[in-house]
1. Put +1 on the Cβ of each Lys and Arg and -1 on the Cβ of each Asp and Glu in the chain; which of P257, G192, A13 then has its Cα farthest toward the positive end of the dipole?
2. Taking the Cα centre of segment 149-285 as the origin, how large is its charge dipole in debye, to the nearest 20, when only Lys and Arg (+1) and Asp and Glu (-1) carry charge on their Cβ atoms?
3. Which whole-angstrom value gives the distance between the alpha carbon centres of segment 6-50 and segment 376-430?
4. How many angstrom separate the Cα center of segment 193-213 from the Cα center of segment 83-139?
5. For segment 10-94, run through the chymotrypsin sites (Phe, Trp or Tyr not before Pro) and keep only the ones in DSSP coil with at most 10 other Cβ atoms within 10 Å of their Cβ.
6. As a footprinting exposure proxy, order M64, M421, M309 by other Cβ within 10 Å, with the fewest listed first.
7. Fewest first, what order do D444, D61 take by the number of other Cβ atoms within 10 Å?
8. Mind running the shape call on segment 104-232? Use the C-alpha gyration tensor, a ≥ b ≥ c as the square roots of the eigenvalues: rounded below 1.5 for a/c, prolate if a/b tops b/c, oblate otherwise.
Amino acid sequence: MTAHIVCVDDEQAVLDQLSAQLTRRFGATHRVECAESAEEALALIDEIFAGGDEVELVICDQVMPKMKGDRFLERVHVTRPRVMKILLTGQAGLDSAIYAINNAGLHCYIEKPWEVEDLNLAIENLLTQHRLRRELEQHHARLERRSRELHGLHDVGRALGSVLEPERILGLVAEAAGSLAGEPCAVVLQSGSRPVLWHGAAGLSESSRGDIETALVRCRAEGRSGSPPGVAPARMIALEHGRRLFGWLLLLEGAEPPLDTREFLAILAGQAAAALHHVELLEEQLRGERLSTIGRMIATIVHDFRNPMTAIKGYGSLLEEDLTAERRRQYARLIVEETDRMGGMIEEILEFTRGERAILRPRAVTVGALADAVERVVAPELKPRGVSFRRELAYEGELILDVDRLTRALLNFTTNALDAMPSGGVLTFTSRRADERVELALSDTGVGIPEELQPRLFEPFFTHGKPRGLGLGMSIARKI
């Protein structure tokens, strides 16, 4: 970008003198331009800025045809307030200078004829002010950017603290790293015995990715740190917690990042490694708890089977009566549904104990049918508890989802809701459309959950104020 000084005077001799004087003194750093009228100067200034250059200083005469110097500087100040301004005049009056100071941000007023060194000194001071102001603004912008980045790191750290899936950790880290570095970043990591995960590896060949994965697995198996092959040390940051390596953050494009950027990326890498370490510790804890609670789970499973078994027994007894063919088909269908529900409950418990992900089988169902399924299952417990079931369906259309699993998830919520209303109350099933989503909700008029315990609702084995249960229902529902 070229810096310009624009001189404006209606006398060519004055312009020639200014151009020669300023080129001799400032030509090494600035280009001197001349205009014979205010109108010509305004067009010239716009052209310079449009071309990507900058006008740092304008020097103009006061007495010119059409637009006077003070009014011209006022126009410049409105559109280009950063431009430094000097007013030259041969008149003794100060009115024009005072007007320009008050309305045009005039920086200097010099009478004609001027002393060469006086004008040069004034210009040098103003150009220095302009440079210092620009550097200060740039420094302030850097500080603001770093402040935003620090706040961003804080937010990412908080988000990572609540994430339990390595895939989500990978996405958060890659996004934050790209924002800090100002370029796309690749992240490779491994947690536990899972396969190696990548994000943003499009810039790497398949063989390079394979070599890096092999090196990561080997370093983790040997319990040591290391570097990804084929990547310069200045372009990689290890995701380490203590002496435990989880992966690398790779900068694949552009120049090497400055020191402060690398420091921020190192903080981010440390946050990610700590989050992955937390995930591994939690998974180890859960594996131990799964093994130690299998015996206790049997009693809970038997209790949870009571409702569907009671329903099956009741419908089976009714089949012995003299019924119409349609009624027999209805009871037979209900027996099959309750049997499937028991099978689904067993499948969920086994998935949880093995740490497997649920396999969803989506199909179409209306919101009303979902509400029917929930009410039918909980109906035997409503009257003895003094609880009524209410529907508030603002949306009653079709949904595509795994009906069996979602129904079981909703039943886990209803069980908790019924336990929260020992003296009776109202259980409400609601639905509403929210943009492209449909929200389903179950609410009750029970005692509620203390605010300090709400963050732990979905933790496995966490219970509060319940006479029975292992605290797995909400955890299983969250997975669904």
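All of the numbers you see were taken from the coordinates with simple rules; none came from a lab. All values derive from a computational prediction rather than experimental measurement. Here the Cβ is made from the backbone with ideal geometry for all residues, glycine too, and neighbour counts use every protein chain on show.
1. Towards the positive end, the residue furthest out is G192.
2. Working: 11 positive and 18 negative charges, 71 e Å.
Dipole size: approximately 340 debye.
3. 81 Å
4. Their Cα centres are 60 Å away from one another.
5. Values: sites: F26, F49, F72; in loops: none.
Filter output for segment 10-94: empty list.
6. Working: M64 20, M421 17, M309 14.
In increasing order of surrounding Cβ atoms, one gets M309, M421, M64.
7. Details: D444 19, D61 22.
So the residues, fewest neighbours to most, are D444, D61.
8. Details: a/c = 4.96, a/b = 2.98, b/c = 1.66.
The shape class here is prolate.
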